[in-house]
Amino acid sequence: RKGLSKMSKVRVVIDGTEVNGQKGMTILETAKQMGVDIPTLCHIPGLTPSGSCRICVVEAEGSARLVGSCHTPIAEGMVIHTRSPRVLTARKAIVELLFAGHTGPCVKDGVVEACQLHVIAADLEVGPPRFPVGRPRFYPVENISPYVRRDLSKCILCYRCIKACSEIAGKNVYSMAYRGFSSKVVVDCDVPLNKEACKDCGICIDYCPTSALTSPGGTKERKQIEIEKNRAQASIGNQEHEMLLERLIAAQRELGYLSEEAMSAAAR
Ligand code: FES
């Protein structure tokens with residue numbers, strides 16, 4: 001057992017400090033263990049990594065390319081730099097590219113709020129985007145579902161809603177469709193999200209790193225409004241039913257039978 005635990009240890013150097021990780025751990029997990037913060041957007045701990053946003057890139061000595069820390073496992077002797085000038089330049093460019101497809105301010109529950117992308121941009125001191133909008137990002141806000149409000153102009157195609165819905169909620173409401181600049185998170189064959197397709201678990205809202213998916217005025221409030229409305233309608237229906245019966249009984253007493261006219265009058 002001693003031999004096995006020795007074998008599973010992996011020695012790496014992160015930002016000049018030597019650290020022992022376990023075989024199978026990613027660079028991100030190892031860095032986190034030693035208190036080194038690497039920004040992430042598409043990553044959800046414990047779920048399948050999509051490696052789609054690239055914001056978590058780091059420099060691994062000997063590798064010509066920067067590597068995504070959320071999905072790259074550590075290897076014995078790796079020397080990693082998480083905030084070298086090359087890494088920071090790349091992260092800034094990635095944020096600018098993401099901003100090119102993330103238009104307007106982020107609004108949650110009617111309040112303008114910095115999303116995770118804005119927070120990372122502020123940390124990296126990224127200025128206004130230099131890149132023009134390269135894909136059709138001006139989608140109308142979709143507010144059909146009583147549970148989820150979708151503003152795809154804010155979507156950064158990070159796959160988090162898709163993974164949270166399938167791997168946590170066990171549903172497959174969302175998927176990625178189209179290609180390149182036209183890529184889009186869709187419901188079924190790109191139809192609006194309605195309450196038949198999606199119930200009120202709200203997991204996709206919790207995991208969306210921007211304001212692309214938000215609660216339309218609070219899920220609980222909306223549900224309560226619907227319940228109250230149904231109750232009110234049911235009670236009006238009951239009252240009308242009772243009134244109709246009373247009039248029919250009165251007509252029966254008076255005439256001894258129910259004539260056509262009496263029934264029409266009662267219905268009116
Ligand atoms: Fe690693 Fe997105 S957080 S690729």
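Coordinate-derived values only; no laboratory data. For clarity, every value in this text was computed on a predicted model and none was experimentally measured. Here the Cβ positions follow ideal geometry from the backbone for every residue, glycine too, while neighbour counts run over all protein chains shown.
Between Arg65 and Ala177, the distance separating the two model label sites (each 7 Å from Cα on the Cα→Cβ line) works out to 3.0 nm.
Restriction of the chymotrypsin sites (Phe, Trp or Tyr not before Pro) in the range 46-147 to DSSP coil positions whose beta-carbon has at most 13 other beta-carbons within 10 angstrom yields Phe138. Taking a Cβ cut-off of under 12 Å around Ser50, the surrounding Lys, Arg, Asp and Glu residues balance to a net charge of +2, with basic ones at +1 and acidic ones at -1. Counting only other residues whose beta carbon sits under 13 Å from that of Ile38, what net charge do I get with K and R as +1, D and E as -1? For residues surrounding Ile38, the net value is -1. When you filter the trypsin sites (Lys or Arg not before Pro) in the range 31-106 for DSSP loop state and at most 12 other Cβ atoms inside 10 Å of their Cβ, you are left with Arg65.
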